[in-house]
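Report on the structure given below.
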Amino acid sequence: GGQWDSRKVRNTFLKFFSERHAHEHVPSSSVVPHDDPTLLFANAGMNQFKPVFLGQADPSGPLAKLSSACNSQKCIRAGGKHNDLDDVGKDTYHHTFFEMLGNWSFGSYFKQEAIDMAWVLLTEVYGLDSTRLYATYFGGVDGDASMPPDNDARDLWLRYLPEARVLPFGTKDNFWEMGDVGPCGPCTEIHYDRIGGGRDVGSLVNADDPNVIEIWNLVFIQFSREPDKSLRKLPKQHVDTGMGFERLVSVLQDKSSNYDTDVFEPLFTAIQAVSGVSEPYGGRLGDDPASRRDMAYRVVADHIRTLSFAIADGALPSNEGRGYVLRRILRRAVRYGTQFLDAPKGFFTKLVPHLVAAMGDVFPELAAKQSLIEEVLADEEHSFNRTLARGLERFEKIAATLSAAGDSTLPGSEAFFLYDSMGFPLDLTMLMSEERGLVVDEAGYRAAMDDARERSRADRAKGSALAGGLGGRLVLEAEQTSALLEQHEVSPTVTDAKYEWRRTHAAQLSAIYGGSNVGFVSSFDQLSLKLAELAGQNGTEVAQRPVFGVVCDSTSFYAEQGGQVADTGRLYVDGVPLDVLDAQIFGGFVLHIVEPHLDEEGTSSSGKITVGAPVEMDVDYERRALIAPNHTMTHVLNYALRAVLGVSCDQRGSLVDGAKLRFDFAFNKGLTPAQVDATEREVREQIQKKMQVYAEVRPLADAKRIHSLRAVFGEVYPDPVRVISIGVPVEKLVAEPENSAWDAYSIEFCGGTHLENTSEARAFCLTEETAIAKGVRRITALTGDAACEAIRRGNDAAVGVGQLEELVATGGAWDELAKREPEMKKTLDTAVMSAATKSALRDRL
């Protein structure tokens, strides 16, 4: 075991695939999937490659060029479908944070190569005893022809292993799905017998035996699971493998648990030091005090890893979504540490430097964000200590009431409340109950938990994009994008014309998409027939103006991207008008979401809409002229915040539409009135300076070298990339990338539509600065007429407050004052005006 320290295990895996088998080493993505709303956390190495499997990868982005890849991905499984949180600590193999070693093929190799490479790496490179290995494959579903057994995988394994060690299993173990919808397929798992010695343990595979464990899962992605639960074959076949790094280390170091390896040893030493517990970690399991102490060691060590990586990658504890999961993890760690290790208040935060020392060289983001991690954890730990006291008080009350009534069952709903609102894991409530002679109603607890899950699932479904009408969802996935490329021979949409203004663009209609229930059709008439058929089956009516999607060879419409809403306007197909409601981009294809335009009489003439017809595009440029100043001023605002606050405010998101701009950034306290005022003034100054806005497309490597360039946290940029520079030509920036003079300018990567000169924004008014999550602030602001109106409102209010001050100064009419002061207060509470003006007027009032 000694020769395989954990660093060497990781490097050997990466070198095997990148050097011997020419896989591209793609670094781990952020553990926080900033651009995938269906996932709380990255829970498998394949998450960042999802656009490739779905056929939605940007053709000019880095993913589209990959044929094979390998890495060690940071993963968190806590919350959602893949949730290991409540098992951590109770056994010696569950984690919420772990690394997943993986290799991928994107249509380049399939089952045979994947199985051959896995065998060679495990038996020849790592030197595992092949008589201890077992392989499983998907045995199919009886009576379901769409789910046949994976006999290919079985036969490939029989070249290496005897039949008794190649075993079929069902859907639960050997059919992998990413989530409720999306890519899926049969998988083959490699299991290892820790004990060996020639014994046959086929019956213990997948039987939760701690000595017969799965070490590597090879998934063959062949299908996509649809919202209606059907499976459809993917246009290209992919391979996605995952091997738990910590588990592999335990096997190579010949330890019976991941927690006994050099991955966790330094953390256990640190926990012993900061908690002051006399006993070191002993690896015990059970209900006696020593075993509970070891359970707490495991919980705390696991959870400090999860929280530190999540915070480093931009997540923060809060009351919803992933922030809520993090808050529960922190509370669980603090609860176990105080209850079983007798650790002092504030112990958890003190572990951060030890984690950084152990892992900061492999994951430099930990070291870079160390002070933020410590600050957030200290804050959370402090506020939980207060909640803890309240939770114990509540538990004591319930227990006393039950005892008085001679009842020994603690209701499940109460246990869930303690878990959900107070952060008490079920096992701790059960322990406290046991001490008081009570039993928890576990079935009631699970029912309350299921209710809560159902509610959150319904909330997520409500938000699913572009639901479309009778025809189904207007979203292009792998099946549709590859059908466009291969069957219909349509190339991705040419979008250069989206940067042109105030001209009609000529294009050709390439495809008509009726939605997921209809598919592609050749004409509007064919779409109408298919919708009528569907309406007949469902007993519903066809809408007078059905909403559908069209793809053209080129477009002047801006598709929603980078926080900027899509253009709207009109298409004329062979003279027939269609209203464009939205435009979305999928794998390089712009899907215009349209409905027939009604004329004065309320009729539409849609008969001539056929694939191949000429199209004239009229973007609503008046609307775009309201959006562009908001986008350009978002860039200027980003620059102004850096100038006023210093550099520690990474962009966390933005929304730019015709009414306003909204900008979210990482900063862990509210801005002072003086900072808000200075930020607003800095933006206004750049408008008055009449600065030219330059936009140029450059190779990504050249553009990345520009000093003081601002890039969005967690964003993947295309190559080449478009650079927007306000005040200095892009060729100058590229010619002298190191020049520190560029600090004085806003320079960003951006594909949006912008002004030509800052003066076109005319005015800027910062109307609100608030918190949206711990450590994330949001600024809302206006430009143009809306800003002028808000500034005027502020000036009017200032006159009003001035009049009240005069009344006071002259010792005048108190009745008048008593009447007008509440009115003024109400005006300041409700009116949209400059936040700095409002704050100053409130002080004067």
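The values are calculated or read from the model by the stated rules, or taken from the named source; none is laboratory data. None of the values given here were measured: they were computed from a predicted structure. Note that each Cβ is placed from the backbone with ideal geometry, even for glycine, and that neighbours are counted across all protein chains shown. Quick note on the areas: whole protein, heavy atoms, side chains included, nothing else; ligands and nucleic acids left out. Shrake-Rupley method; radii C 1.70, N 1.55, O 1.52, S 1.80 Å.
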Could you count how many residues in the stretch 334-368 are more than 19 Å from residue 423 (Cα to Cα) and either part of a helix (DSSP H, G or I) or small (Gly, Ala, Ser) (or both)? 16
Residue check, residue 653 against (1) part of a strand (DSSP E or B); (2) in contact with a Cys (Cβ under 9 Å, 6 or more places away or on another chain), all met but one. Which one? (2)
Restricting to the stretch 477-500, and then to whatever is part of a loop (DSSP other than H, G, I, E, B), modelled with pLDDT of 90 or more and out of contact with any Cys (no Cβ under 9 Å at 6 or more places or on another chain), can you tell me which residue is surrounded by the fewest Cβ atoms within 10 Å (Cβ to Cβ)? 489
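Which strands (runs of 3 or more DSSP E) does the stretch 145-202 wholly contain that include 1 or more residues that are more than 26 Å from residue 41 (Cβ to Cβ) and in contact (Cβ under 8 Å) with a residue 24 or more places away in the chain? Break it down into steps so the answer makes sense when it comes.
Numbers: elements: 166-169, 175-177, 182-193.
Fully inside the stretch 145-202 and qualifying: 166-169, 182-193.
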So the check is Cβ under 9 Å with 6+ separation or different chains; which pairs have a first residue in the stretch 5-20 that's among the hydrophobic types (A, V, I, L, M, F, W, C) and a second one that's open to solvent by 40 Å² or more (accessible area, probe 1.4 Å)? 13/125; 14/25; 16/125; 17/25
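Which of the residues spanning the stretch 50-65 are part of a loop (DSSP other than H, G, I, E, B) and of a type outside the set (A, V, I, L, M, F, W, C)?
Here is the first cut: in the stretch 50-65, the residues part of a loop (DSSP other than H, G, I, E, B) are 55-62.
Matches in the stretch 50-65: 55, 56, 58, 59, 60, 61, 62.
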Suppose we keep only residues that are modelled with pLDDT of 95 or more, open to solvent by 10 Å² or more (accessible area, probe 1.4 Å) and touching a helix residue (DSSP H, G or I) at 6+ places or on another chain (Cβ under 8 Å) within the stretch 130-145. Which one would you say is farthest from residue 162 (Cα to Cα)? 139
Subset of the stretch 396-412 (residues that are loosely packed, with under 15 Cβ neighbours inside 10 Å and assigned to a helix (DSSP H, G or I)): 396, 397, 400, 401, 403, 404
Residue list for the stretch 809-841, filter: free of Cβ contacts under 8 Å to residues at least 60 places away in the same chain and touching a helix residue (DSSP H, G or I) at 6+ places or on another chain (Cβ under 7 Å): 813, 816, 817, 820, 821, 824, 827, 828, 831, 837, 838, 841
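Taking the options 761, 695, 703, 786, name whichever one is touching a helix residue (DSSP H, G or I) at 6+ places or on another chain (Cβ under 9 Å), of a type in the set (A, V, I, L, M) and within 25 Å of residue 56 (Cβ to Cβ). Can you show your working first?
Details: 761 fails: within 25 Å of residue 56 (Cβ to Cβ); 695 fails: within 25 Å of residue 56 (Cβ to Cβ); 786 fails: within 25 Å of residue 56 (Cβ to Cβ).
Sole residue among the options that is touching a helix residue (DSSP H, G or I) at 6+ places or on another chain (Cβ under 9 Å), of a type in the set (A, V, I, L, M) and within 25 Å of residue 56 (Cβ to Cβ): 703.
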Pairs returned, first residue in the stretch 420-431 that is in a helix (DSSP H, G or I), second residue that is of a type in the set (Gly, Ala, Ser), beta-carbon separation under 7 angstrom, 6 or more apart or interchain, are 420/452; 422/391; 426/415; 429/415
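Determine, yes or no, whether residue 244 is in contact (Cβ under 8 Å) with a residue 24 or more places away in the chain, out of contact with any helix residue (DSSP H, G or I) (no Cβ under 6 Å at 6 or more places or on another chain), open to solvent by 10 Å² or more (accessible area, probe 1.4 Å) and under 30 Å from residue 777 (Cα atoms). Give the derivation first.
On the way: in contact (Cβ under 8 Å) with a residue 24 or more places away in the chain: yes; out of contact with any helix residue (DSSP H, G or I) (no Cβ under 6 Å at 6 or more places or on another chain): yes; open to solvent by 10 Å² or more (accessible area, probe 1.4 Å): yes; under 30 Å from residue 777 (Cα atoms): no.
Considered against the rule, which asks whether it is in contact (Cβ under 8 Å) with a residue 24 or more places away in the chain, out of contact with any helix residue (DSSP H, G or I) (no Cβ under 6 Å at 6 or more places or on another chain), open to solvent by 10 Å² or more (accessible area, probe 1.4 Å) and under 30 Å from residue 777 (Cα atoms), residue 244 comes out as no.
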Under 6 Å by Cβ, and 6 or more places apart or on different chains, what pairs join a residue from the stretch 308-324 that is under 22 Å from residue 364 (Cα atoms) with one that is open to solvent by less than 10 Å² (accessible area, probe 1.4 Å) and of a type in the set (Lys, Arg)? 309/74
